[in-house]
Each structure stands twice: as structure tokens, then as C-alpha cells.
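Structure record follows, encoded as C-alpha cells.
Please treat every number below as a calculation from the coordinates, not as lab data. Note that the structure is predicted; figures quoted are calculated from it, not measured. Reconstructed Cβ throughout: ideal geometry from the backbone, glycine too, with neighbour counts over all protein chains shown.
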Amino acid sequence: MSDAYHIPVLLDETISALKIKKDGLYFDATLGGSGHSEAILQAGGRIIATDLDSDAIEHGYERLKAYEGRFTLIKSNFKNFGDIAEQLKIDTIDGAIIDLGLSSHQLNTPNKGFAFRLDGELDMRMDSTQKLNAKIVVNEYSLDELVKIFFAYGEERFSKKIAANIIKRRERAPIETTTELAEIIRKSVPYDSQLHSITRCFQAIRIEVNDELNGLEDVINDIVDKLAPGARLCVIAFHSLEDRIVKQTFNLLCTDCICDKSLPICACGHKATCIHVGKPIRPGKLERENNKRSESAILRIIEKK
């Protein structure tokens with residue numbers, strides 16, 4: 001249930017958690033390689049799926065053609081779910097999945113600019129039609145702006161040194177490629193930090209380019225509003241920043257009173273709309289061995305009351 005385009009992460013665990021109903025309607029927020037969508041269709045469900053990457057939409061139509069009439073693919077940011085549901089006149093859905101990772105296709109295509117091990121243009125756009133790309137961030141952001149995103153989105157302790165060296169290097173000529181940027185970062189940090197620093201800085205630039213963290217809490221709430229009673233939302237995160245948002249949002253949705261604990265009685269009137277389903281799930285040993293990109297994944301599940 002995978003192909004060369006992308007290997008879906010935590011596939012069996014996610015499909016099992018969703019409890020697919022025949023002819024039930026499910027939202028696949030991040031289509032990617034269509035692995036999760038195909039599994040839902042094979043189990044008898046129907047799909048609405050979104051992706052910003054035109055390649056993913058094109059690949060999805062080809063991969064899912066055997067299920068024509070049971071899926072709708074939309075080139076859009078999944079954070080527009082509220083508007084999409086309104087346009088399609090959707091009152092309820094029977095489950096949803098948000099996979100926040102990149103597809104193997106995105107990582108393996110040099111000129112998409114996501115992978116520092118491949119020599120390609122500095123791009124990193126999930127939507128190739130948007131203006132802001134990694135080249136603009138690297139070559140036009142100020143020292144303070146670069147430091148801020150490396151520290152906030154990459155939790156990089158050598159942010160100032162790396163940003164300063166980027167500024168110094170681009171004064172001679174624009175930084176054009178992923179390998180040029182990776183080499184600047186490599187030379188800015190101690191040997192034992194090089195790989196981690198490059199990974200963190202590329203992550204930070206990617207988050208900035210695609211505005212990945214803003215709106216995540218809102219769309220989780222939008223999706224939960226449309227879940228039928230007993231329906232579940234599964235979210236797969238790949239780094240601590242996005243997982244923290246998912247965890248905090250889920251906790252709030254699953255908590256009654258959110259008043260200051262020092263108050264003698266509840267004054268907020270907040271009521272839980274969901275319950276946690278089990279503990280967070282990480283890939284097993286076999287999946288980690290077969291798909292190295294799954295190693296940091298964590299799946300959280302909630303169910304609508």
C-alpha cells in the first residue's frame with residue numbers, strides 16, 4: 001500500500017484508529033502520496049483530501065482512479081478546511097487525518113529544495129505558486145530575522161553564528177543552492193553539531209516559507225467541530241514544535257474546566273468536546289528500520305464525544 005512517491009507513516013495504526021465506516025466521509029488533510037487516502041478508500045470510506053503541492057494532486061488522481069466517484073481532491077491548504085466544508089456543504093465527517101510530514105517525493109526532488117543532501121535550488125515551497133521561497137529568506141532577511149527563525153523554528157543554539165555567516169557570505173554573491181547553504185551552516189558550528197544544525201536550520205526555513213505552525217490549532221478546532229459523535233481525528237507530527245501545538249490543543253479539547261486552579265469553583269463553563277484515545281503512538285522497530293523518515297513521528301488521537 002505504498003509506492004515510490006511516498007511511504008505513508010503509521011499507516012496501519014492510523015487506519016485502525018479511524019474505525020472506517022462503509023460510505024463514511026473522511027478528510028485527509030495532507031494527501032501527500034495518497035497512502036492514507038487509498039487505505040481509507042479500500043476500507044470502504046469516501047475521501048475529501050487537500051494538498052498544496054500540485055504534484056501530489058496529480059499523483060493522487062492517478063493512484064486513486066480505481067475509486068473514481070468516491071474521492072474529491074482539492075489543491076488547497078488544509079487550514080482552509082472550514083471554507084472547504086462550507087463550499088461543499090459538509091455538515092459532518094466520520095474522521096480525519098493530518099499528516100504533518102513531507103512526502104518522499106518532495107524530499108527526493110532536488111529543485112524543491114527541501115533536502116540538504118541533494119544539490120538543488122533554494123525553494124522549499126509546498127505551493128510552487130506562492131512568492132516567498134527559501135532563496136528570499138536566506139538572501140533578504142535581516143540578521144535579526146534569521147536569528148529569530150533559526151531559534152524559534154529550529155531551536156538552534158548556534159543561531160547567531162549561523163545567521164552572521166549567511167549575511168557575510170551573501171555579501172559576495174547570492175546563496176543559490178541547498179548545498180551552498182548547508183556548507184555555510186556546517187562551517188559555522190562544531191563538528192559534532194553539524195548534521196543536527198543543518199537539519200534544524202533547514203526545518204526552520206521551511207516552516208517560515210510555508211507558515212506551517214500558524215493556524216494549526218484553529219484547523220484542529222474546525223475539524224473537530226465537523227466530526228460526528230464517535231468520530232476520530234488522527235494527527236501525525238514530526239518535530240516538537242508542531243507536536244506541542246497538537247498536544248496542547250488536544251488537551252484543551254479534552255478538558256472540562258480550564259480555570260486557574262486556585263479558584264474555588266469553575267467560572268469558565270468550558271466543557272470537553274473530545275476524549276483522548278490511548279497514549280501517543282510511535283512507529284515500531286520494523287517500521288523505523290524500513291523507513292528512516294518515520295523515526296521522529298508521533299501519532300495522537302482524539303474522539304468526538
inquiry  = Residue by residue through the stretch 224-241, what is 3J(HN,Hα) from phi via Karplus (6.51 cos²θ - 1.76 cosθ + 1.60, θ = phi - 60°)? Round to whole Hz and write x for glycine and proline.
reply    = 4, 4, 9, 5, 6, x, x, 6, 10, 10, 10, 10, 10, 10, 10, 8, 5, 5
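Need the full-extension length gain, Lys271 to Asn139, defined as separation in residues times 0.36 nm minus the C-alpha distance. One decimal, nm.
Working: separation 132, 0.36 × 132 = 47.52 nm, distance 4.77 nm.
Net length gain for the segment: 42.7 nm.
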task = Pop out the ³J(HN,Hα) list for the stretch 85-91 in order, Karplus 6.51 cos²θ - 1.76 cosθ + 1.60 with θ = phi - 60°, rounded to Hz; leave Gly and Pro as x.
result = 4, 5, 5, 8, 6, 9, 8
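Just to confirm a number: summing +1 for Lys and Arg and -1 for Asp and Glu over residues other than Ala228 whose beta-carbon lies under 12 angstrom from that of Ala228, what do you get?
Values: positive: Lys19, Lys21, Lys226, Arg232, Lys304, Lys305; negative: Asp91, Asp94, Asp225, Glu303.
That works out to +2.
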note = Using alpha carbon centers only, the stretch 142-157 is separated from the stretch 227-263 by a whole-angstrom value of 27
note = Among Asp119, Asp144, Asp94, the residue with the largest mean-square fluctuation in a Gaussian network model of the chain built from Cα contacts under 10 Å is Asp144
message = Show me, for the stretch 175-183, the HN-Hα J-couplings you get by feeding each phi into the Karplus relation (A = 6.51, B = -1.76, C = 1.60, θ = phi - 60°), rounded to Hz, glycine and proline as x.
response = 8, 9, 10, 5, 6, 4, 5, 4, 5
ask   = Whole number please: convex hull volume per residue of the Cα set in the stretch 108-210, in Å³?
value = 84
inquiry  = Tell me the angle of helix 194-210 to the major Cα principal axis of the chain, expressed in degrees between 0 and 90 and rounded to the nearest ten.
reply    = 60
key: Pairs beyond 22 Å (Cα-Cα), from Lys65/Lys112; Lys79/Lys285; Lys247/Lys285; Lys21/Lys226; Lys247/Lys304   = Lys65/Lys112; Lys79/Lys285; Lys247/Lys285
message = To test your reading of the geometry: what angle, between 0 and 90 degrees and rounded to tens, separates the Cα axis of helix 143-154 from the longest principal axis of the chain?
response = 40
message = At a 10 angstrom cut-off on C-beta neighbours, averaged per residue, how do the peptides 253-264, 21-32, 211-222 rank from highest to lowest?
response = 21-32, 211-222, 253-264
Label-point separation in nm, Asp256 to Lys89, each point 7 Å along Cα→Cβ = 4.0
ask   = For the stretch 131-282, what relative contact order do you get, as a whole percent, if you take Cα pairs closer than 8 Å and at least 6 residues apart?
value = 18
ask   = Which whole-number percentage describes the relative contact order of the chain, with Cα contacts under 8 Å and a sequence gap of 6 or more?
value = 17
remark   = Set Lys279/Lys305; Lys22/Lys89; Lys75/Lys148, cut-off 26 Å on Cα-Cα distance; pairs above it are Lys75/Lys148
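When Rg is the radius of gyration of the Cα atoms in the stretch 232-300 and Rh is its Kirkwood radius, what does Rg/Rh come to? Intermediate values should be presented prior to the final figure.
Values: Rg = 16.0 Å, Rh = 14.1 Å.
My calculation of the ratio gives 1.14.
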remark   = In deg cm²/dmol, rounded to the nearest 500, the helical mean residue ellipticity at 222 nm of the chain, built from -39500 (n - 2.57) for every DSSP H run of length 4 or more, is -12000 deg cm²/dmol
query = Using a Gaussian network model of the chain with C-alpha springs under 10 Å, which one of His196, His276, His59 is most mobile by mean-square fluctuation?
reply = His196
query = What do you get when you divide the Cα radius of gyration of the chain by 2.2 N^0.38 Å, with N the number of residues?
reply = 1.06
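Just to confirm a number: summing +1 for Lys and Arg and -1 for Asp and Glu over residues other than Ser294 whose beta-carbon lies under 15 angstrom from that of Ser294, what do you get? Walk me through the numbers on the way to the answer.
Details: positive: Arg282, Lys285, Arg288, Lys292, Arg293; negative: Asp12, Glu13, Asp99, Asp243, Glu287, Glu289, Glu295.
Once all neighbours under 15 Å are counted, the net charge is -2.
With a cut-off of 8 Å between alpha carbons and a minimum separation of six or more residues, what is the relative contact order of the stretch 108-210 in percent? Before the final figure, lay out the partial values.
Values: 152 pairs, mean separation 35.6, N = 103.
Dividing the mean separation by the residue count of the stretch 108-210 yields 35 percent.
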